[in-house]
Amino acid sequence: MGRRKSTKSPSKESEELEIAGDESPIALVQMTLRQRLSQFSSPLAITGLEKEKKQLYNLIHRTSTTGESNSVLVIGPRGAGKSMLLKIVLSELGAEKDFKQNLLQVHLNGLLQTDDRIALKEITRQLQLENTVGDRVFGSFSENLQFLLDALKSGGQKSKPVLFILDEFDLFAHHRNQTLLYNLFDISQSAQTPVCVIGVTCRLDVMELLEKRVKSRFSHRQIHVFNALSYKDYCTVCRNLLSLSDQFPDKTFAKTWNHHIKELLQDSVVEEVLFRQYNLNKDVRGLQTLLVQPICQLSPVNPILTTSAIVDAFKLIATDSKAAMLHGISILELCLIIAMKHLSDIYEGEPFNFEMVYSEYMKFAKRKSGMQIFEKPVVLKAFEHLMALELIKTIDNGGTRIQKEYRLMSLLIHPTQITDALQKYPNCPTEVKQWATSALA
């Protein structure tokens, strides 16, 4: 991507983006982009998943038009685009004539429908099949299940097809006896009401979670989704996220805004930030997280996106939380962390206990006349505080049977994190810095 420097000053761009009138368009821009970054608006176009998109499109299309029953699992790591792929397919199918009238949709999530009883109530609610007398729902779990199955099975091939989308599909496999999955797959295999069951999961071993009777009724179709975005595609997605569409009320403002976004993304500093974010995480959701803060900072006083706002947002999301925690611990606790670092280097990552750390700390404290020497109970209290902060953890299975001074521990901080934290630690003694960087404990 070519690098061009903007010939206009920020104040000049601000004047061009402001429009005379009682209402500033900045509020509308902010609302539009925040909805897009929060995935509340229509899905974005994706690249590299055309084959998977065609497979999913054909499956749902055959169910809605010919009444063919299907079942499929969409599998891939988090952030690969599984949900977005499904949104795009449903969006394109929704544009077809009579699609919504010909197909009923039921959306379930394993995080929300934590057992089959809750799932059944949600299905009957979405299909408007509530077995009610007035506002009172009655019937046991088995009765509700039988009512739902009878309602589905009573239909023939002329009945409206039903699309079941099970997000976090692997969590449904943990339900007792997998009754819901069994019956949904059973209906999809039988010549009853046309049903399409789509499971979305990030677990590659999800088939191992299914019972034998459930597996036998599953079609064993699987669509694997992986993040295949190139850096060029990543930059295109970024531009699409920030650009205004033709539907924006003020066409002149939209054209000026989009020109500003194009120039902003050609800035060398912004390019570097995007490249680092791409190498850190190719997930589009990570990019959306990066852009949320600059968008939220827009106002009539600050009507444009600036390079500094994007840089500040990247620094915020790229902050090492553990290294930041080290800035708030005491000098004594910092010395214990450094002692553990040296022990890990000496014993090549082998576990250590408090007595070993205390011995290492005392050797250092006695060598440096300017360092305050703390008593053993005080040092032990500092050691326990580091455990509470989860900077170190116990690894032995003996637990409470072993005295706490001799319990084996491991360090949860990488040496580079310790080095980086020391550079920013306020008023850190020179002796401590030298001890941390020295090869000898």
Neighbour net charge for Leu287 - beta-carbon separation under 13 angstrom, K R +1, D E -1: +3
Debye log10 I(q)/I(0) for region 323-437, one point scatterer per Cα, at q = 0.17 Å⁻¹: -0.80
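Can you check what the net charge comes to around Val378, using other residues whose Cβ is under 12 Å from the Cβ of Val378 (Lys, Arg +1; Asp, Glu -1)? Before the final figure, lay out the partial values.
Numbers: positive: Lys376, Lys381; negative: Glu333, Glu375, Glu384.
For residues surrounding Val378, the net value is -1.
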Sequence ranges 168-174, 407-413, ranked by mean other-Cβ count within 10 angstrom, highest first: 168-174, 407-413
Charge dipole of region 323-437 about the Cα centre (unit charges at C-beta), most positive-ward option of Tyr347, Tyr406, Ala365: Ala365
Phi to ³J(HN,Hα) by Karplus 6.51 cos²θ - 1.76 cosθ + 1.60 over region 206-220, Hz, x for Gly, Pro: 4, 5, 6, 7, 7, 5, 4, 5, 6, 4, 5, 9, 8, 6, 6
Point-charge dipole on Cβ atoms (K/R +1, D/E -1) for region 347-397, about Cα centre, debye to 20: 400 debye
5 angstrom amide H check on Val197, placed H, neighbours 5+ away: Asn70, Ser71, Val72, Phe164
Evaluated at q = 0.10, 0.14, 0.20, 0.21 Å⁻¹: base-10 log I(q)/I(0), Debye formula over Cα of region 217-359: -0.59, -0.81, -1.18, -1.26
Flagged links, alpha-carbon separation over 21 Å, of Lys404/Lys424; Lys54/Lys82; Lys381/Lys404: Lys404/Lys424
Whole-number D in µm² s⁻¹ for region 239-317, Kirkwood Cα-pair radius fed into Stokes-Einstein, 4 °C, 1.567 mPa s: 98 µm²/s
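Values quoted throughout were computed directly from the atomic coordinates according to the rules given, and no laboratory measurement underlies them. This is a predicted model, so every value here is computed, not measured. Please note: Cβ atoms are built from the backbone with ideal geometry, for glycine as well, and neighbour counts cover all protein chains shown.
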